[in-house]
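Below is one structure, written out as structure tokens, with a few remarks after it.
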Amino acid sequence: MKPKNTEVRADRIITRFTTWIAGLLLLGLIGWGSTLGWRLLQYEETNDAQVEEYINPINAKVGGFIRQVRYRENQAVHAGDTLVVLDNRDYLVPVAEAEAALANAQAQLQVLGSNVQTSERSSQVCQAQIGAARARLAQQQQEYERYHQLLADEAVTAQQFERVQTALAVARSEYEALQNGYASSLSKVSEVQSQRPVLLAEVKRRQAMLQKARLDLSYTVVTAPYSGKMGRLSIQEGQLVQPGAPLAYIVNEEAGKWVTANFKETQLRHMHVGQPVSIETDAYPGQQFHGRIESLAPATGARFALLPPDNATGNFIKVTQRIPVRIQLTDAAPLTARLAAGMNALVTVAK
């Protein structure tokens, strides 16, 4: 009978142990379900979220061969740092040509000024000669009147009177010729002065061409538009690039970082701008980051797609849509500096 009692006792121990294990598992499931239910009632969360930053291309404004590459992959740069230097010999020639053309236009403007001064002096000389001719004409007029009276008194001969009369006609002709010459000199001054706006416009045009040539020359030195971190190096010295070709990619650290969380449309009922948010990334489990809702997208993500769905085609299947929510990180920069664009995140929002 002893072996049978031993077996019965072992069965009881096993049954009791199994019962305790099942009870503990049941309590654990009840606790886990209660915690999950309470969390679902108190919070909205999604793991469809990524860390975002502005990643912009740096494009070549002019074409040419790359002479120097002055950055490395993943290098931190500051605004104004030189990244790429292109061969500038093709752009030095237009600058020299524009400088010579500008100097020529400015010289023509100086020549015009000299011509204006010369024409004004000529008109002044003509004006002085008109005064002398007016005096001679007045004298000849008086002489003519005297001889006319003397001829009436038969004190002079007709030949003498004709000589005086001819001298008066010559003096009048000289006076009229000088007046016409003076008027012509004034017209010439006006004509020369009218060319000044044309030459001034030409000087401005040449200055603009020189500025454009110098601007193109400055584009051969490509600098960082702002402080950030460089991306992958994909160019080499000696490579020919065309205008608009991407030379590098830079992450804009000055604009800050944010998280784009794609919540289901059924989760947005209690969300509003300024609401605090908790963030946890896959890269740093257990490390909690903080943020606030900055904005909610005006449409679902599907509406921003290249080919948005059209439910009117008859192929309608109801799918819960997601709304992008932009979350601004509120932690200090040293804490968020470890986050990189594209990292997955778990976002939790209190209801």
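How far apart, in nm, are two points set 7 Å out from the Cα along the Cα-to-Cβ line at GLU145 and at PHE316?
11.5 nm
Please work out the FRET efficiency for the pair ASP216 and GLN236, using the Cβ-Cβ distance as r and a Förster radius of 22 Å; give the result to the nearest 0.05.
Computed FRET efficiency for ASP216 and GLN236: 0.40.
Within the range 305-343, find all residues whose amide N lies under 19 Å from a label point positioned 7 Å from the Cα of ALA76 along Cα-to-beta-carbon.
Taking a point 7 Å out along Cα→Cβ of ALA76, the residues of the range 305-343 whose backbone N falls under 19 Å are 331-341.
Using only DSSP helix segments of four residues or longer, with each worth -39500 (n - 2.57), what per-residue ellipticity at 222 nm results for the chain after dividing by its residue count and rounding to 500?
After summing the helix terms and dividing by residue count, I get -18000 deg cm²/dmol.
Against the longest alpha carbon principal axis of the chain, how many degrees, from 0 to 90 and to the nearest 10, is the axis of helix 158-218 turned?
10 degrees
What is the extension gain from ALA100 to VAL198, computed as 0.36 nm multiplied by their sequence separation minus the C-alpha to C-alpha distance, in nm to one decimal?
Result for the pair: 33.4 nm of gain on full extension.
Would you please name the chymotrypsin sites (Phe, Trp or Tyr not before Pro) within the range 265-351 that are DSSP coil residues with at most 11 other C-beta atoms within 10 Å of their C-beta?
PHE316
When Lys and Arg each count +1 and Asp and Glu each count -1, what net charge do the other residues less than 9 Å away from LEU137, Cβ to Cβ, add up to?
Within the 9 Å Cβ shell, the charges total +2.
Name the residues of the range 48-88 whose amide N is less than 15 Å from a point 7 angstrom out from the Cα of ALA245 along the C-beta direction?
Residues 58-69, 84-88 fall inside that zone.
Could you compute how fast the chain diffuses translationally, taking Rh as the Kirkwood radius over C-alpha pairs and applying Stokes-Einstein at 25 °C with viscosity 0.890 mPa s? Give it in µm² per second.
My calculation gives 78 µm²/s for D.
Under a point spin-label approximation (7 Å from Cα along Cα-to-Cβ), what is the GLN275-VAL93 distance to one decimal in nm?
6.5 nm
Hand me the tally of lysine pairs in the chain: alpha carbons under 24 angstrom apart, and the pair either on different chains or 8 or more positions apart.
Going through the chain pair by pair, I get 6.
Taking the Cβ-Cβ separation of LEU296 and ILE30 as r and a Förster radius of 51 Å, what is the calculated FRET efficiency to the nearest 0.05?
Once rounded, the FRET efficiency stands at 0.90.
Work out how much length GLU176 to ALA22 would gain on full extension: take 0.36 nm times their residue separation and subtract the Cα-Cα distance, in nm to one decimal.
Once the chain is fully extended between GLU176 and ALA22, it gains 41.9 nm.
Does the range 211-351 come out rounded, prolate or oblate, given a ≥ b ≥ c as the square roots of the eigenvalues of its C-alpha gyration tensor, rounded meaning a/c under 1.5 and, failing that, prolate meaning a/b above b/c?
Since a/c reaches 1.5 but b/c is at least a/b, the shape of the range 211-351 is classed as oblate.
Please give the contour-minus-distance gain from GLU162 to ALA107: 0.36 nm per residue of separation, less the Cα-Cα distance, rounded to one decimal in nm.
Residue separation times 0.36 nm, minus the Cα-Cα distance, leaves 14.1 nm.
Every number in this text was worked out from the coordinates using simple rules, so none of it is lab data. Here the structure is a predicted model, which means the values were calculated and not measured. Note that we place each Cβ from the backbone using ideal geometry, even for glycine, and neighbour counts take in every protein chain shown.
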